[in-house]
Amino acid sequence: MEKSPAGHIGLISRRLNRESLVDGFYEDADSLFVEAYDAFYRADLPQISDDTSFYAGLAEETGGPLLELACGTGRITLPLAEAGLEIAGADLSEGMLKVARTKSEALTEAARAQLRLIHQDMTALKLDERFKLALIPFRSFQHLLTREQQWQALEGIRNQLMPGGRLALHLFDPRFDFLIDEEVPTPGHSGVHPVTGRQYIGEILRTCFDHLAQVRRDVWRYAELGEDGEVLREATREMALRWTYRWELHYLLKLCGFAVEAEYSDFNRTPPAYGKELIVVARRT
């Protein structure tokens, strides 16, 4: 039975509301989701172990200036600036950038002179300079949920790169049990904020898949805990990621004017492997 116009409008409205939840996951600087970020995502996590050193090595090979997209709270941007690299960090979330700017105040004057933090959507890049190396760390490219958004981002990045410039992308290699069965348990998060000492936990309440669009949606509940483990605050939001297959990514990069130079399954430059990280380095053609 065909949907009525009102039914179509309701479906579109629900879809837009879902997308706004994804876009807003890290938006409010005072939200649990922003506050907990530096507690959860530490350098000792397997997915990101040694990633800052890896990107610093690429920068030494390529030269600067650098552009980091989806820079978040500056986990990578600030150490690279401290290492003497000229870098611009861009993010869609003003909340995350507010945290990054606060953290940047602890840098040396020389490091701050090397750093720019910019409110910018990676699908609509419009910057007044060009770069030798662009980075999209820690799976942030996978927040682009449509083919059109991926194309817009890659074409925009290519336009911001100098001739011969490079792009480093970090995704995950799709592991099928995590992308088929909604009941397969996914690890949550827990951690203590390195500055405030606050303790946070995060857990997935439910998962659903859109296999045609290659999108996984997780509803997360974050909580701040007191000294005795009591819940002081909690909040719930949805996060969505699109998975991209390895050869699909190769073709996408080629269509957008890039040639893949290298790919790894971790930041120690181990060869590609099923179900591990997918780290691709490509050069602007």
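The values are calculated or read from the model by the stated rules, or taken from the named source; none is laboratory data. Everything numeric here is computed off the predicted structure, so don't read it as measured data. Counting neighbours? That spans all protein chains shown, and the Cβs are built from the backbone with ideal geometry, glycine included.
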### Query
When you go through (1) aliphatic (A, V, I, L, M); (2) touching a residue at least 40 places away in the same chain (Cβ under 8 Å); (3) touching a Lys or Arg at 6+ places or on another chain (Cβ under 9 Å) one by one for Leu225, which number turns out not to apply?
(2)
### Task
Within the range 143-159, identify whether any single residue is under 21 Å from Arg101 (Cβ atoms) and either at pLDDT 95 or above or buried (at least 17 other Cβ atoms within 10 Å of the Cβ) (or both), and answer yes or no.
no
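This table checks each residue for (1) in contact with a Ser or Thr (Cβ under 8 Å, 6 or more places away or on another chain); (2) modelled with pLDDT of 95 or more; (3) surrounded by 13 or more Cβ atoms within 10 Å (Cβ to Cβ); (4) not small (Gly, Ala, Ser).
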{"site": "Asp177", "(1), (2), (3), (4)": "no, no, no, yes"}
{"site": "Ile180", "(1), (2), (3), (4)": "no, no, no, yes"}
{"site": "His189", "(1), (2), (3), (4)": "no, no, yes, yes"}
{"site": "Arg206", "(1), (2), (3), (4)": "no, no, no, yes"}
{"site": "His211", "(1), (2), (3), (4)": "no, no, no, yes"}
{"site": "Glu224", "(1), (2), (3), (4)": "no, yes, yes, yes"}
{"site": "Glu263", "(1), (2), (3), (4)": "no, yes, yes, yes"}
{"site": "Ala273", "(1), (2), (3), (4)": "yes, yes, no, no"}
### Message
I need the strands (runs of 3 or more DSSP E) fully contained in the range 190-285, keeping only those with at least 3 residues that are within 25 Å of Asn159 (Cα to Cα).
### Response
258-264, 277-284
## Note on the structure
Those residues of the range 148-172 which are touching a residue at least 12 places away in the same chain (Cβ under 8 Å) and assigned to a helix (DSSP H, G or I) amount to Gln149, Gln150, Trp151, Gln152, Ala153, Leu154, Glu155, Gly156, Ile157, Arg158, Asn159, Gln160
### Message
Just to be sure I understand the filter: pairs with C-beta atoms under 6 Å, separated by 6 or more residues or on different chains, first member in the range 257-285 and hydroxyl-bearing (Ser, Thr, Tyr), second member in a strand (DSSP E or B). Which pairs pass?
### Response
Tyr264/Ile279; Ser265/Glu277; Thr270/Tyr264; Thr285/Ala259
### Query
Restricting to the range 50-86, what's the tally of residues that are closer than 16 Å to Ile118 by Cβ, assigned to a helix (DSSP H, G or I) and either of a type outside the set (Val, Ile, Thr) or more than 14 Å from the chain's Cα centre (by Cα) (or both)?
3
#### Entry: Of all residues in the range 173-189 being within 20 Å of Tyr41 (Cα to Cα) and in a loop (DSSP other than H, G, I, E, B), the one that is farthest from the chain's Cα centre (by Cα)
Pro185
### Message
What are the pairs with Cβ atoms under 9 angstrom where one residue, in the range 50-74, is over 25 Å from Thr123 (Cα atoms) and the other, located anywhere, is of a type in the set (A, V, I, L, M, F, W, C) and at pLDDT below 95? Sequence gap at least six, or different chains.
### Response
Asp50/Ala43
